[in-house]
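S.K.: Okay, here's the structure, questions in a sec.
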Amino acid sequence: MPDVLIKNIRLLADGALAPAEILIENGKVIGISKEFRISEYDEVIDGKNAVAIPAGIDAHVHFRDPGMTYKENWYTGSCSAAAGGITTVLEHPNTLPPVVDKSGFYLKLKQAKKRSVIDFGINGGVTNNLEKLSELWALGVNCFGEIFMAESTGGLNINNQTLGSALSKIGQMEAVAAIHAEDDALRLQNEALLLHDNSDDVHSRIRPNECEEIAVRNCLRINESEKAPANIHFCHTSTPEAVALIETARKNLQEKQNQMAEKNKNKDQKEKSSDYQISRRITCEVTPHHLFLSTKDCGRLKTFGKMNPPLRDPKSAEYMMTALRTGLVNAVASDHAPHRVYEKETTIKAAPSGVPGVETLMPLMLAAVRKNMLTLERMVEVTSRNPARIFDLERLGKGFLKQGFDADIVLFDPKDVRIIKAKNLHSRCEWTPYEGMEGIFPTMTLSRGDVVWDGSQIIAKKGCGRFLPGKGLKPGADDFDGVDDRELVDENDIENEEEE
Ligand SMILES: [Zn+2]
């Protein structure tokens, strides 16, 4: 007997919305039809004519847990995600301790399993821990990174030589390297030049478009010169210059791969190029703040608009939407990086970089669809299907609203445009750079068939989120005997437990 029947909804089919019903059993979609003529099921959900799309996959969040739980933790972060229509996140390694070895991985896994209300992958950090990368891969990290090419929150940046060695190792494992591309030399030079400049947009001038351009070029060059280049995914690309370099590199790679495939036809087994090298990818994402905000907002946002890479000029922001629409940029990810208000209330130079965004990603994108900035089809592609493909989550049932996949579903009313207000959001940081802007919020979010957000409150139980292991997971590698097993409880954790 099916567990859930969702009726009275509309689904995308051939570019148009059509009435439909969804049947769910054991957390999976078992059927989609215009109308099911069945009378036996455990639960029926009346969608009230809402549109249903796959729930979002946010491949770039910083939930600050362990170590900085006064900013966010796995419970507040995942509730914020669920209320915004995201049911899968990939969490990045710059926590305290960072995920750079087995014990760092274990501490994060433990915190997330205890607290997350949505499914999650954990990324492995790359610093000077090259000898630990294969261990992390065997433990089930989703991918490696973000790999910082310049200083940012957590100070995990590495130089180009270490980057090359890391990419080679990651390539040998056939994994994905997620890159934070900013050139540190240019940043340092500009920082010195603009030492006494405290204008609202100075951060954007310290890390100009060129900063991203240089780093993307270096990263691509270094990777291609390795014997076993890695899959490269550029995080938060924000400039036309970077997108152009990535597109050229993709074309060159495609040509090279066509030649390899052609040669393979005539070669014996041992001389053949590997299947991995023939299917290797170069991909990139953009954040909502680089689509919907620009240096025009620096005066209004001040330190609350400071992040890395920084806000760009309006032309760059406009271009990024075009690049997303036309397929040059593959995915949207929030780079949710919360800091508390009191931390941001300081000078532009002293303020930490980073803005929250996991809860507003889908609402902003749905509002953009309503304004005809992109189609709903493309929005679904860049918020669920593509992130699932890039990070190998399809094999775990993620990213598609179709038979056999996890019933991770968002229902929304396309006419219900609301004003974004921090007081309605769930992040522990209690502010948003999108205050006063328009968003279309989910009327319901389901994760594996269970309602996690009902449009007004979180229904999910703490800890119901599942770990999504990367494809390198080796049975037995997750033997944590003897690993640092301290209980991570601090004042903020206790305060949060009481809140619920
Ligand atoms: Zn980053």
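S.K.: Quick one: which residues, 5 or more positions from Gly31 or on another chain, have an amide H under 5 Å from its amide H? H modelled 1.01 Å from N in the peptide plane, none for Pro or chain starts.
M.R.: Answer set, sorted by chain and number: Leu23.
S.K.: Next up: Once phi is turned into ³J(HN,Hα) by the Karplus curve 6.51 cos²θ - 1.76 cosθ + 1.60 with θ = phi - 60°, what whole-Hz value does each residue of region 59-66 show in order, with x for glycine and proline?
M.R.: 7, 8, 10, 10, 8, 6, 10, x
S.K.: Also, I was wondering about something else. So which trypsin sites (Lys or Arg not before Pro) in region 360-431 end up in coil per DSSP with only 16 or fewer other C-beta atoms within 10 Å? Kindly include the intermediate steps, with their values, before the conclusion.
M.R.: Details: sites: Arg370, Lys371, Arg378, Arg385, Arg389, Arg395, Lys398, Lys402, Lys415, Arg418, Lys421, Lys423, Arg428; in loops: Lys371, Lys398, Lys402, Lys421, Arg428.
Sites meeting the loop and neighbour criteria: Lys371, Lys402, Lys421.
S.K.: What shape does the chain take by its C-alpha gyration tensor, where a ≥ b ≥ c are the square roots of the eigenvalues and a/c under 1.5 counts as rounded, a/b above b/c as prolate, and the rest as oblate? Working shown, then result.
M.R.: Numbers: a/c = 1.33, a/b = 1.15, b/c = 1.15.
Rounded, because the longest to shortest axis ratio a/c is under 1.5.
S.K.: Excluding residues on the same chain fewer than 8 positions from Lys349, give the aspartates and glutamates whose Cα lies under 12 Å from its Cα.
M.R.: Glu191, Asp197, Asp200, Asp201
S.K.: Going through region 291-360, which trypsin sites (Lys or Arg not before Pro) have at most 16 other Cβ atoms within 10 Å and a DSSP loop state? Display every interim value, and only then the final one.
M.R.: Working: sites: Lys296, Arg300, Lys302, Lys306, Arg312, Lys315, Arg325, Arg340, Lys344, Lys349; in loops: Lys306, Arg312, Arg340, Lys349.
Qualifying residues, ordered by number: Arg340, Lys349.
S.K.: Show me, for region 372-386, the HN-Hα J-couplings you get by feeding each phi into the Karplus relation (A = 6.51, B = -1.76, C = 1.60, θ = phi - 60°), rounded to Hz, glycine and proline as x.
M.R.: Per-residue couplings from phi come out as 6, 6, 7, 7, 4, 4, 5, 4, 5, 4, 8, 9, 9, 4, 5 Hz.
S.K.: Just report the Cα centroid separation between region 41-96 and region 148-183, whole Å.
M.R.: After rounding, the separation between the Cα centres reads 26 Å.
S.K.: While we're here: Give the long-range amide H neighbours of Asn142: residues separated by 5 or more places, or on another chain, with amide H under 5 Å away, using H modelled in the peptide plane at 1.01 Å from N.
M.R.: Ile122, Asn123, Gly124, Gly470
S.K.: I want the local charge near Ser152. Using Cβ-Cβ distances under 9 Å, sum +1 for each Lys or Arg and -1 for each Asp or Glu among the other residues. Intermediate values should be presented prior to the final figure.
M.R.: Values: positive: none; negative: Glu146, Glu151, Glu182.
Around Ser152, the charge tally is -3.
S.K.: For region 1-36 and region 225-261, compute the distance between their C-alpha centroids and round to whole Å.
M.R.: Their Cα centres are 38 Å away from one another.
S.K.: List the GluC sites (Glu not before Pro) within region 343-425 that fall in a DSSP loop (any state other than H, G, I, E or B) and whose Cβ has at most 14 other Cβ atoms within 10 Å.
M.R.: Glu345
S.K.: Tell me, how many Å apart are the Cα centres for region 311-353 and for region 357-411?
M.R.: Centre-to-centre distance over Cα atoms comes out at 20 Å.
S.K.: Can I ask one more? Which pairs, out of Lys306/Lys371; Lys108/Lys474; Lys71/Lys471; Lys302/Lys423, put more than 23 Å between their alpha-carbon atoms? Walk me through the intermediate numbers first.
M.R.: Numbers: Lys306/Lys371 27 Å; Lys108/Lys474 18 Å; Lys71/Lys471 31 Å; Lys302/Lys423 20 Å.
Pairs exceeding 23 Å: Lys306/Lys371; Lys71/Lys471.
S.K.: Let me ask you something else. In whole Å, largest first, what are the principal axis extents of the Cα atoms in region 249-389?
M.R.: Principal extents (largest minus smallest coordinate, Cα): 65, 36, 26 Å.
S.K.: First measure r as the distance between the Cβ atoms of Phe480 and Glu318, then evaluate 1/(1 + (r/R0)^6) with R0 = 51 Å and state the FRET efficiency to the nearest 0.05.
M.R.: After rounding, the FRET efficiency stands at 0.55.
S.K.: Taking H as built 1.01 Å from N, whose amide H comes closer than 5 Å to the amide H of Ile147, not counting residues under 5 places away?
M.R.: For Ile147, the qualifying residues are Ala178, Ile179, His180.
S.K.: Moving on. Please order Asp484, Asp65 by the number of other Cβ within 10 Å, starting at the fewest. Before the final figure, lay out each step's value.
M.R.: Working: Asp484 12, Asp65 29.
Going from sparsest to densest Cβ surroundings: Asp484, Asp65.
S.K.: Need the list of lysines near Lys110 for cross-linking: C-alpha distance under 18 angstrom, and skip anything on the same chain fewer than eight residues off.
M.R.: Lys102, Lys461, Lys462
S.K.: Here's something else I'd like to know. Starting at the first residue of region 307-323, write each ³J(HN,Hα) from the Karplus equation 6.51 cos²θ - 1.76 cosθ + 1.60 with θ = phi - 60°, in whole Hz, x for Gly and Pro.
M.R.: My calculation for region 307-323 gives 7, 10, x, x, 4, 10, 5, x, 5, 4, 4, 4, 5, 4, 5, 4, 5 Hz in order.
S.K.: Then there is this: How would you classify region 113-170 from its alpha-carbon gyration tensor, with a ≥ b ≥ c the square roots of the eigenvalues: rounded for a/c under 1.5, else prolate if a/b is greater than b/c, otherwise oblate? Walk me through the numbers on the way to the answer.
M.R.: Values: a/c = 2.83, a/b = 1.53, b/c = 1.85.
In terms of gyration-tensor shape, oblate.
S.K.: Considering only DSSP beta bridges where both residues belong to the chain, give the percentage that are antiparallel (nearest 5). List each step's numbers first, then the result.
M.R.: On the way: 29 of 59 bridges.
So the antiparallel bridges amount to about 50 percent of the total.
Coordinate-derived values only; no laboratory data. Just so we're clear, the structure is a prediction, and the values are computed from it rather than from any experiment. A quick note on method: Cβ atoms are made from the backbone with ideal geometry, for glycine too, and the neighbour counts reach across all protein chains shown.
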